[in-house]
Amino acid sequence: MAGKFKTLVDMIDNSLRSFSANRVFGTKVSDTYQWITYAQLGTQIEQFRGGLVSLGVRPGDRVAIIANNRVEWAVAAFSTYQLGASFASMYESQTADDWRYILEDSTPTVLIVSNPDLYRNVESIARSIPSIKGLVVLDSRVDGAISYQEMLERGKAGPVGVVQVDPGAMCSLIYTSGTTGKPKGVMLSHANIISNVNAILAIFPSEPSDVSLSFLPWAHSFGQTVELYGMLACGSSLGLAERVDTIIENLSEVRPTLLFSVPRIFNKIYDGLNKKMATEGGFKRMLFMAGMANASRLRELEAHGRPTGMAGIMNKVYDRLVFAKVRERLGGNLKYAFSGGAALSNEVARFIDNLNILVYEGYGLSEPSPIMTANYPEHRKIGSVGTPIPGVTVKIDTSVPGSEHGMGEIINYGPNTMMGYYNKREETAAVMTPDGGFRTGDLGRMDEDGYLYITGRVKEQYKLENGKYVAPAPLEEKLLLSPYIAQAMIFGDNHLYNVAVLVPDFTALREWARPHGLSASSPEELCRNEKVRALFTAEIEKFTADWKHYEKPKAFLLLPEDWTVANDMLTPTLKLKRRNVVKKFQSEIDRLYQRA
C-alpha cells in the first residue's frame, strides 16, 4: 500500500467516496454515542470550505485552531487542506502567552476556537494581530465572531471547489512543546505526512470495521497523523473520549479494536491492577499471579521457538478466568494497541503482554511527521521502539559526548523529514545534517537486527563531578513504576551524585497512611513525616536496584503539589519542564546536597 496517496487531499477524497456509508466519528450525547458517516463528514467539509473562502482564506494562508478533539476540528483541517492552506493547531490547556506567541508567529487568516469562554480569553489577542480576518466559535454564536453553523451556511450559499495541491506544499504547522524555550513551528508538507500514513497502511493492516477511542490530542503529531489520518485512510471510525478521566468508561462504550495511547495509560492499567490484587488478596490474587507467571513462561518459550505445551494450554484457562475480564474493562474487542510519545518500561510492556493485549511501541517526533520506527505484527521486540518504517533510514551519531557501547544521537533520513521550523532558519540549520538528515536530540542504539532502543535526551544528559554521564528520563520512568510516586525528576548536573525530586501519589499514599495513624494528615504533613520518608526510601531502593551505582539518588525531596500545565511545570503534552522545576525548587535541592 506504500505510495498509495500523494496528499492528504487525495486521501480524504478517496475515503469520502469509498466509505461514504461507514460511520466515522462518534460523540457522546446524553449518555450515548451518536455517530456520523463519511458522507455526512464530506458534506460538512465541503460547506466549511466555502465558509473559509468567504473569510478570505487563499492558497498559502494559514488557519489556526484552539480546540480539543471534535468533529469540527477534522472538518476545519480537511477544508483547509483542500484550499491549499495550512493548519496550525493549539491546545485549550495552553496559556494566553502561548496562544499569543503562536498566533503572532504563524499570522493566520482565520482563528477558530472551541467555545465562548475560550473566545473571551483570546479575543483581545486575536484583534491585535492584523492578519486575522475572521474569528469562528464552534460551540455557539458569540457577538463579534462567526458560529460553526454560520460557516456551513455560508459555504452552502457560495460553494467553492477543491484546489489542486502540490505534495510539497506545507499543510500542517505543529508547534513543539517548548521544554527548552519558546515553541517552534514545525512545517510539515503533504508529502511529509502522507509518507507516514502510507507507511502505517503498509505495516499495520487495518479494516473499515476497526474502531478507536480517540483521546490523544490531534494538536500533537502522534494523535493527528497516526490515529486521525491513519484511521480515516482505512475507512475506520473514531469514538471521541469525553475527558481523560472518563477513558475507562468510554472504552467500555466505544469497544475499540485499536488503541492509540501513551505509556501513562498503560502505567495506570499496570498500577491499578497491582493495587487491586494487593487489596483483594486471597484466592483472586493467587490466581492472578499464577496466570502472570504462566504467561511469562509462555512468552519465553515462544521467544526461543520451543513448544509451548502445558503453558499454552494453561494460558487459555487463565485467559478465560482472569485476563478476559481485564480486557472487558477495556472494551473487550482490542486486537492490539499502539504506544508512543514516551518510553514504555519493559516491566509494564511485559505485564500488558501477559494480559494477551499486544502493544506495539513506536518512536518519533513532530519533525519526522512523526513516526520514524515501529514494532508491528511479526516484527516486535519488547524494550525496543522497533525498526525504521518503510522509506525511512535511521543512523546513530556516536560522536556525542558520553556515548558508549554504540549509543549516540539518533538521526532520521526520509520523506517524513520536516520542511523546517517556521520563521527560524538558524534553528532549522542547527538540527539538519549536510546530507539532509534530521538530528532528533534523542540518544539511542540499534541492535544487530536493526531494532532501535531509546536511552535518553542529548540536552537532558548531564555530567556528574566524577565525569560520569547521566540520562535522567529512563531513570525517572522506572521510579514511576512505584505505586506511591506520581511524578519524578532526577537531578545531579555538576554535582557529585544524583538526587530525586518526587511528587507522591497521594491517593495511594493515604491508603498506606491510614493503618499507620496518618489518615488525617495534609499533603504537606505527609511529605514531612518520617514514616512516609522511610516508605519512599524503601521504594527508591526497590526501583533503582538495577541502576549503576552513580545513577542512584543519594537523597530525595517530596513535594505536596502536582506538576501541571497550569503551574508551568509541564508542557501541554505533559512533558516535564526541567529547568522550571529546578528554578522553583532550587533552594530545597541545594539543601539536599548541604545535608548530605
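The values are calculated or read from the model by the stated rules, or taken from the named source; none is laboratory data. Keep in mind it's a predicted model, so treat the numbers as computed, not measured. Cβ atoms come from the backbone with ideal geometry, glycine included; neighbour counts cover every protein chain shown.
Please pick out the residue among L526, L509, L481 that is in contact with a strand residue (DSSP E or B) (Cβ under 8 Å, 6 or more places away or on another chain) and of a type in the set (A, V, I, L, M).
Unique residue meeting the criteria: L526.
With the range 252-334 as the region, which helices (runs of 4 or more DSSP H) entirely inside it contain at least 2 residues that are more than 27 Å from the chain's Cα centre (by Cα)?
Here the list reads 263-280, 282-303, 309-318.
Give the residue that is farthest from H495 (Cα to Cα), with candidates limited to residues of the range 552-596 that are of a type in the set (S, T, Y) and free of Cβ contacts under 8 Å to residues at least 40 places away in the same chain.
T564
Filter the range 491-508 down to the residues that are assigned to a strand (DSSP E or B), more than 22 Å from the chain's Cα centre (by Cα) and in contact (Cβ under 8 Å) with a residue 60 or more places away in the chain and list them by number.
F491, V499, V501
Inspect all residues belonging to the range 48-65 and state whether any of them is under 30 Å from L251 (Cα atoms), in contact (Cβ under 8 Å) with a residue 40 or more places away in the chain and surrounded by fewer than 23 Cβ atoms within 10 Å (Cβ to Cβ).
Among the residues of the range 48-65, not one is under 30 Å from L251 (Cα atoms), in contact (Cβ under 8 Å) with a residue 40 or more places away in the chain and surrounded by fewer than 23 Cβ atoms within 10 Å (Cβ to Cβ), which makes the answer no.
Within the range 49-70, track down each residue that is more than 27 Å from the chain's Cα centre (by Cα) and under 23 Å from P167 (Cβ atoms).
Residues satisfying the conditions are R49, L52, V53, V57, R58, P59, G60, D61.
Return the total of residues in the range 250-297 being under 17 Å from M314 (Cβ atoms), without any contact (Cβ under 8 Å) to a residue 24 or more places away in the chain and surrounded by 15 or more Cβ atoms within 10 Å (Cβ to Cβ).
1
Failed condition for N580, given (1) touching a Ser or Thr at 6+ places or on another chain (Cβ under 8 Å); (2) surrounded by 15 or more Cβ atoms within 10 Å (Cβ to Cβ); (3) assigned to a helix (DSSP H, G or I), with all others met?
Going through the list (1) touching a Ser or Thr at 6+ places or on another chain (Cβ under 8 Å); (2) surrounded by 15 or more Cβ atoms within 10 Å (Cβ to Cβ); (3) assigned to a helix (DSSP H, G or I), N580 breaks only (1).
Go through (1) within 20 Å of L344 (Cα to Cα); (2) part of a helix (DSSP H, G or I) one by one and return the number of the condition A429 breaks.
Answer for A429: the failing condition is (1).
For a quick check of your reading: which strands (runs of 3 or more DSSP E) sit entirely within the range 1-97 and have at least 2 residues that are more than 30 Å from S124 (Cα to Cα) and either hydrophobic (A, V, I, L, M, F, W, C) or at pLDDT below 95 (or both)?
Fully inside the range 1-97 and qualifying: 23-29, 32-37.
Of these, G450, G467, which one is in the same structural domain as A342 (by TED's automatic domain parsing), surrounded by fewer than 20 Cβ atoms within 10 Å (Cβ to Cβ) and on the phi > 0 side of the Ramachandran plot?
G450
Can you tell me which residue in the range 399-418 is surrounded by the fewest Cβ atoms within 10 Å (Cβ to Cβ), limited to those that are polar (S, T, N, Q) and modelled with pLDDT of 95 or more?
If we take residues in the range 399-418 being polar (S, T, N, Q) and modelled with pLDDT of 95 or more, then T417 is surrounded by the fewest Cβ atoms within 10 Å (Cβ to Cβ).
What tally of residues in the range 561-577 results from selecting those that are assigned to a strand (DSSP E or B) and on the phi > 0 side of the Ramachandran plot?
0
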